[in-house]
Structure formats: structure tokens, C-alpha cells
1. Looking at this structure, is C:LYS566 free of Cβ contacts under 8 Å to residues at least 40 places away in the same chain, among the basic types (Lys, Arg) and facing another protein chain (nearest Cβ under 8 Å)?
2. Against the definition (more than 25 Å from the chain's Cα centre (by Cα), within 17 Å of C:PHE488 (Cβ to Cβ) and assigned to a loop (DSSP other than H, G, I, E, B)), how does C:LYS460 come out, yes or no?
3. For the stretch C:492-539, give me the residue count where each residue is more than 30 Å from B:GLN262 (Cα to Cα), among the polar types (S, T, N, Q) and touching a residue at least 24 places away in the same chain (Cβ under 8 Å).
4. Answer yes or no: is there a residue in the stretch C:115-122 that is assigned to a strand (DSSP E or B), among the polar types (S, T, N, Q), touching a residue at least 40 places away in the same chain (Cβ under 8 Å) and within 14 Å of chain A (Cβ to nearest Cβ).
5. Of the numbered conditions (1) within 14 Å of chain A (Cβ to nearest Cβ); (2) free of Cβ contacts under 8 Å to residues at least 40 places away in the same chain, C:LEU584 satisfies every one except a single condition; which is it?
6. Within the stretch C:457-471, which residues are within 14 Å of chain A (Cβ to nearest Cβ) and surrounded by 19 or more Cβ atoms within 10 Å (Cβ to Cβ)?
7. Scan C:SER594, C:SER578 and give me the residue that is of a type in the set (S, T, N, Q), more than 9 Å from chain A (Cβ to nearest Cβ) and more than 30 Å from C:THR120 (Cβ to Cβ).
8. Just to be sure, is C:VAL229 more than 22 Å from C:TRP314 (Cα to Cα) and either β-branched (Val, Ile, Thr) or modelled with pLDDT of 95 or more (or both)?
Amino acid sequence: VEHKLALARKVIIERRKEEQERVLQEHEKELEEARVALQRKNEAAEAKRLEEERRSREEKRILQEMEEKEKQEALALIAEAEKRNKALGKGKKGLKIKLEEGQKIDKRSLMEDAIKEQIKERQDMERKLNRLAKKMDHLERAKREEEVPLIEAAYKV
Amino acid sequence: MRPILLKGHERPLTFIKYNRDGDLLFTCAKDHHPTLWYADDGERVGTYVGHNGAVWTCDVTHDSRTLVTGSADTTCKMWDVETGTCYFTHQARSIHWFPYDHFDQPARAVALAQGDEKMCISTDPFMGVPARVHIVNVAANREEQTNEIVASFGDGVEGRINRALWGPLNETILTGGEDGVIRAWDVETGKIKLEARDHKKQIQHLCLSEDKTHFVSASLDKTAKLFDSETLECLKTYVADRPVNAAIISPILDHIVLGGGQDAMAVTTTSSKAGKFDSKIYFKVYEEEIGSIRGHFGPVNALAFNPDGRSFTTGGEDGYSRVHHLDNDYFRIR
Amino acid sequence: DDDVNVEEVKMDSGFGSVVVVDNLPKVPKAKHEKLATIGTVAEGGLHMPADADGVTKGFAFVEFLNSQEADAARQQTDGYKLDKAHVFKVSRFDDFAKYDAVPDQYEEPKPKPYVARENTQDYMLDARGRDQYAIRFGDETEIHWNDAQKKEPVEVYKRSFWTESYVQWSPRGNFLATVHRQGVALWGGASWQRYQKFSHNGVQFIEFSPCERYLASGSTHEGGGDTSVVVNFFDTRSGAKLRNFQGPISDFVVHAAGSRGGLTWPVFKWAGPSPEGAFFARMGNNAVSVYSAPDMSLLGKKSIKLEGVIDFCWSPADPILSVFQPERGGGNEPARVALISIPSKKEIRSKNLFSVSDVKMFWQQSGDYFAMKVDRHTKSKKSTYSGFELFRVKEPDCPMEVLELPDKNEKIVAFAWEPKGHRFAVIHGDGARPNVSFYTMIDDASAINKVKLIGTLKNKTANHLFWSPQGKTIVLAGLKTMNGQFEFFNVDEMETMASAEHFMATDVEWDPTGRYVATAVTSVHQMENGFHVWTFNGRQLYKHGRERFYQFLWRPRAPSLLPPEKEAEIAKNLKKYSKKFEELDDSIRSEQDSHLAAEKRAVMDEWKRWKQAKTEMLESEEH
């Protein structure tokens, strides 16, 4: 009986030991998992930070490029306007663009200027053509009016 | 303002209808599915599934609850607008369309009478049976809807009846079709009351004014004409340089819109302009053209004004509908 | 009696196909057969009366298959010299009958009652200086004023079935010619009376002399397996037929290498008006024949010998002919272009050309310059390239130069001289959007005149050029495949005044003054028929749609009678006139506006009344 009891106790102790070990292992596992999770979280955060950094750099670059492009376009507009002015020759007004040192080139305002100028040009042209049309018409009619007695006289002969 | 493009039909449009409030738009096409859209933004609400043929026409009750459609599948269906379920089908085969009760005839035009208590259905000539107009009752209680035909007439008509409308006070039915003749039928007797033979070619469409005193007709003779709905006297003629498929009257201004275009077969060049597929706006009283609206790649088959008069929709052979919201410039035109 | 449609019925004597040949030798019967070899004769159609001894009487009756053949045979054999003693005298049998009927006693013709003819220049007296045009559509012909102030056509005259084929103004605008099966009729004056008629059965083609004094009419007739050609020359005032040319079509077609073949009207081309007389010419095989009006005889009784000639053209201003002879003798003799002065027939200038495959001639309106587009082929004949030969006709010794475009392999789409000017325009390029270049014949910078490029417009939708008759302005037109695109271009300033579209337009015509341009869609298309009228600077005045639209023709004007000093004076005092015209135009415009407004008001009032009545009626019925 004694032996049986002793055996039983041994088994119990063994079990307890096992239990303790298991608990310890589990605890360690939990700790390890927590550590890994933390590490993962940190890694993700780092990656995100890096990504954001990269994105902001990219945005900056695009913005810069756009600004540069706008500047180039604006400069092209100016060049074109100057070319037109030259083509129009002396005494004719064209688009005047003043560029001050250090002034930020604004494409939109330039475009607006150019469009305004174009509208004005078109109106000027319209006026010029109307004057020309009237002159042509009146000259023809004046000549015809003066010719009438000559035609009538020729018919009577 | 840019038109709103309605893409939903795979086949040519045949008919367009706004509801009374102008918030819903129904389109019919040669595909089998009438479609409901929000009139304002062109969002598609749904389709009415059940027909087995081209849907030629539709009408909607004053309360916007019931939609009626007529189809080449020889049926005329009544739908619940909201749920999209068909609650009644008039079918040639099952009903006695006196005296022709043994043939199926495609339904070409449907129109609800003022008050929504009756409707008329025109059927195409088919298998030797000439075109007819039939009048059926519309039951207020849907369970009581029957297929009983109250009256049926059409003697003297040659070819199809493309359009049938209720005249003022529901006393007459106005029809126009392939024979180019506009007729006013006495609803009581079924006899022809008046005829107008002003068009030289077939009539594609008729549309009444808001107050029903006059209506406009669209014809392949390249004109649209305005008639007194009581005397059938021709009051105005709008000369278009293309066959006219549809013409509508603005509910708020003295304007007419017409649409049509050369038949695809007759168009010799590839340019969409050559086909005259633009819709034209005319002064109703002066008969002068105001402007035109382009967009379709094929003839315009259907037109409808929003009851508020601030927009209209065109439906094309190209399968598209376009909602044109009229801008302030338009309303400044005198 | 202005119904020209009534056929003038002529009874056929039955002898129309019979001619009488006189001045035959009187020969015994044994030699009869020798005489019978002239012409193609109907079976048993030769009858030579002989005396009792069997000796012929010196004349014969010859019957042909039909009267046309008889006429042709008469023309060919009349005056034929058999030998010194026997020059044939060939006459129509019918003429004998006709002359027989003439009474031997001369009867003085009864004077026709004098009818005052209307002034055919009445249209030039319009108080508002408007111009007229003729349009033809469906069965209608209409004359309208172009009313720029009212912005609409104002009807002058119209008539249904006025012509059976087309209408044409005479070059100075006095008459409108209508063309009928029986002949040509001229109309004019304020009441559009018939002024003259010319009978010519089956007439197809008419051509006035530039001075309007003469009218040529032409026709072809099928029959007897061959086509014959008839050309008549008439005096427009008296209506008299001055000369008739007729014969088989082969007589009127040039059979030379490189010839385009087929009959092309006009067979006879009129020279520009000149103090030396009115000339016209036709091209024959290896010759150009020049005739002079009014006697209509061959100038100097001889044609100008030009071996292999296949093209000729008159200067529009002077009696100068340009002629082209292609390569001859199997390539041993080069192609050649020459300018020949008439009536002297002296060559002003000529040039040999090599490797030529085709040419096109272009005279400048006032005859100052002549250009020839020359298409040449490379030695291998595999590809062609183009260039221009330019002649300064009025300068001493007629200097000449060659112009090649920067890319000479490019296709030349169109070429046009500035009328009365020194510039020309060329459309060149192979793509869908060719280039347009402008050149001038005057180079201020150089001591000797040289052709100089003014500028090139890139990528234009244009395939036709239409200069204003005043010059300076040109319409660059994209017709046919280009669907009717127009650019109104000022060549002085080298700037575009306006771009416009007349969808599917087929025709462009400037008015005689260069103030307005008409563009038209004629019935070659089924849709969009009708015309638009624009100002010279591309502003649309009005549109006019007409189904089955055939013709739009501005009425020409006779040259001004004003002396140049008077014109200068007017230009100097233009302000005075301007003020008056502006006031007049303003009043017309405001009258037009108020008239239109009143019309509109009346239409609207009527509508409102109608609607009011209807509404009231409906309301009362409803209650």
C-alpha cells in the first residue's frame, strides 16, 4: 500500500513538474510571440515611415517638375509673343511681357494676357476688315452711280 | 451644358417618356428591356424584364405608379414602376380583339387617356390583318384589371399606325402613320371625324402641346407640322433638310424640337454631319430655326421634353440617349 | 412670239439627200463610170442626164443615204478641181427649188415695224449698286439681286421651264442664253423679253465671243454608224447664221501622239477682244486654223502648220495663241511651246522642252503672263516631277524663266494667277493637307524681274483656288473630298481673314466686283442643295436652300465707261459718297428691321389670338 502511495505521489509530483514546465513553456512562448509581434509592428512602422518619406520626396519632385514645366511653357509663350511682335514689325503693337528679376513666372496670368491680346487682335482685325469692306463697297457704288448717265446716253444713241 | 449620355440599351432607341413630375425618364429600345433612369443625373434605376421583342412605346400614369409598354412581341404590359414587376399582360392571342381574335399583332403605340381610366393601343398590320386602334379600360385597382376591349377601329388606314394620342377631353384619338394621313377618330362611334393630308410621306411621331390645343407631327417628308387638335387645320410647317422621326413642343416656351436624319443606307459619306443627326430647335410661331444640338452617330428616333421645360432627351439609332439640360443662353433667346 | 419651244416644222421635200454636181466634163457614155467614183452614193443614186447621142450634159444628180451625208459631201466636193477646166459646183437640190421659187422681179422687202428694244444694261443702273445672279433648280430659273443690306436675295424675274438644259450669261452680261432642243434663245432687258433666237437642232454647247457680237453653237449627232459634228456661228444682234462647220467627228479630233482624244468643247475657241478684230481658232491635225469675224474666213486663207500640235489656248486679253507640240519623230524632235501673235502669225517666243509627259497652260487674266505646268518623267520613265515655265508676255522679247518648287516630286494640286495682278498661287503636296505657296513675278530687290516666293502656308485643307476678280483676296477651298472648307485669305497682308465651312460645297463663284462670294452645293449631291453668299472677308450674308440645285451664275458687267481720271476723282472724293451710302444703307437696314419686326409681331399676334380662343373654348367645354 505504502509503495502504491509512494508511487502515486511520484506520479503526482511528476505531473506537477510537467505542469509547471508546460506553464513555463507557454509563458516563454507568449513572451516570444509578444516580442515577435512588437518587432513586426516596429518593422511595419519603419516601412511605413520610409514609404511616406519616399512619397513626400516624390511629390516634391513632381511639384518641382511641374513648376519647371510651367516655367518652360511660360518662357515659350513669351518667346512666341516676342516672335510675333517681331513679325508684326515696327509700329505695330503686340503682346508685351515684362519679366522682373526674381518674379515667379505664372503661366496662368501669362495665358490670360495672351488670350486677352488675341481677342483684341481679332477685334482690331474685324474693325480693319469692316472698314475695308465699306471702302470697297462704296467705291464700287460711287463708280456705278457716276456711270449711270453714260450707260443711259449710250443706250439712247 | 454637356449632355448626359445614357448608356444602357444595346439596340436603337424607339421611344422616350418622362413622368409627370419630370424626375423619372423611361426609355424603350429594340432590345427587350424598357429602362428607368433618374431624369436629373441620368443614373439608371432599373429595367423592366418580360418582353420578348422590340419595345415600341410606353406611357406612364399621372401618379407615376404604373408603366404601360407595347412591344413587337404582340403584348402590351402593365408594370409597377417602383418594383419593376409586370402585373398584367394584354396579349392578342388571349383576348378578343374584335373582329380579329385569331392573330397576333405587334403593339405599336400605347397612350393613356387623361385621367388614366382608359388607354389606347395601336396594333400593326400583320398576316393580312390591317392596323387597328383598340381601347381598353385601366382599372384603378390592379387586381380588377381585365383585357376587355371597349372599342376597336381603324377602317380606312393603310399601313402602320405609328402614333395614337388622346385628343382634348378624351373625345378623339389622333393617329398618324405610314399612309401620311393624320386622322381624328370619334371615340364614341369609332368613325373618322377629320383627316389631314398635309404630309407627303409617312408620319413617324405626334406630340400634343401642354394644353392639348395643338400638336406637332414628324414626317419622313422632311418636315414637321403643327396642327389644331380640334380642326386638324395645319397651322405651321417646320422645314428640315432631313427626314424627321420625332418632334416635340416645349411646355414652357414657344419652341419646337425635331430630330431625325438620313437613313443609314442613304448616307454617302462617313461624316456624322452628312447624316443630319443633330436635333434642331425652331421658333414655334415664326417657323424659324434657332439652333441645333449635335451628338448622335445615327438618326434620332425619339424625343421627349421634361415637363419642366428645362431639359429634353434624345434617343438615337446609335443606342444612346442624351439628356440635354438647357442653359441660360437658351432661355434668353427671343 | 417668245415661245421658243414650238418646233418650226419644215416639210421634207424628199430631196434633202440629193445634190446637184455642175461643171462636169461632158463625156460620152463610155466614160460615165469614171465620174461615178465621187462619194458614197445611194444605190442607183447617180443620175447623169445625157443627150440623145449619149454624151453627158455636164451635170449630175447624186442621191446620198441621208441629208447629213449629202451636206457633208457637198462641203467636201464643192470647189473641187477635177482639172483646170472643171471646178465642181455642188449644190443642194433643194436650193435649186428654193431659188426657182424666187421671183425674177426684185421685190423690195417690206420694212418691219420698228420695235424699241429695251436697254439690256438696265441691271447696271441699280440705284444701290447691287449685282444680279441667275440660279437654276428643279424646273425653275430665277434672277435675283444680291441684297447685302437686307441680307437676302431679292427676286427680279423667274420662269419655269425657261431652258431645256442650262443657262449662260453673255460675257458682258447683256443676255441670258437658254438652250433648247431647237436652238438657243437670248433674253434681256427689264421685262426679260426674248431678244434673239438661233436655230440649231440638238445644240449642246454654246460659246459667246468676248465682245458678245457672235455666238458659236455646237452639237454632235449620232447616225449612220458615225458621229457628226455641227458648229454654227451666229451674229447675236441680227440673228443671222454667219458660218457653218460640219463633218464627221474625226475631222474635229486631233489624232496625234499624246493627244487626249475625244471631242472637247469648245472646238472653236474665241480670242480675247482686240482692236485687230474678233478671232477664233480650232486645232486640226498638225495645224491650228484661225478665223476672223465677221466674214468668218480662214485668216490668210491658210492654217498655221504645227506638226503634232495637241493643245492651244488664247490669251484672255490679246490675240496671242499659245500652242503645245509634244515630242515628235520618236523622240528625235523635242516637245515645244510657242506663243504666236495674230493676225501676223509671228512667233513671239518658243521653247523646246525635254522628257515631257504632260502640260497645262495658264494665262493671266490681263495677258501679262503665261505659265505652263510641265510634268516631266525621269530617264527611266519610272517617276514624274513637275515644274513651271513662266513667260512675261508684255515685256520686251518676252523673257522666260523656269520655276521649280523646293520639292519638285510633289504633286501640283492647283495653280491660279491673280487676275490683273502679278502674283500666283500654287497648291502642292501629296498628303491630305497640302501646302499653298504664293509667288510674285515682280522682285523689287532685283534689277531684273524674277519670280519670287512670297510665302508658303502649311497643311491647308484646300484643293481649289479662287482669286477675287480684284486680286488681293483669295479663297482657298477644300471641295469634294475635303467636304467644303474655306479660308478667306488676304495675300497683301498674308493673313487669314476668316475660315468657314459650307458642308459638301461643290462650286465657288466670285461676284464681278470682288465684294461677294457664292458657294453652292449642286445636285451632284443629294443633300444640302443650295447656296450661301459671303462677303469677301468670309462673313456669311445669307443661305438659300433649294432642292435639285444646278447652277449659280453671277451676272457679268460690261467694262466701265468711266474714264480713268473720273475714277481717280471718285476715289479722291470717296468720303462724300460714303456718307450718302451709309445713310442710305442705315435707312434700308432699319426699314428692313422694322418690317421684319412688324411681320413677326403680326404672326405672333395671330398666334396669340388663336390660342386664346382655343383655350377659352376648351375651358367652357370642360365645365
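1. Taking the combined requirement at face value, the residue satisfies it.
2. In short, yes.
3. 3
4. no
5. Only one criterion is unmet by C:LEU584, namely (2).
6. So in the stretch C:457-471, the residues within 14 Å of chain A (Cβ to nearest Cβ) come out as C:468-471.
The answer is C:SER468, and nothing else.
7. Step by step, each of C:SER594, C:SER578 is checked, and only C:SER594 is of a type in the set (S, T, N, Q), more than 9 Å from chain A (Cβ to nearest Cβ) and more than 30 Å from C:THR120 (Cβ to Cβ).
8. So C:VAL229 fits the description; yes.
The values are calculated or read from the model by the stated rules, or taken from the named source; none is laboratory data. Because the structure is predicted, anything quoted here is derived from the model rather than measured. Cβ: placed from backbone, ideal geometry, glycine included. Neighbour counts: every protein chain shown.
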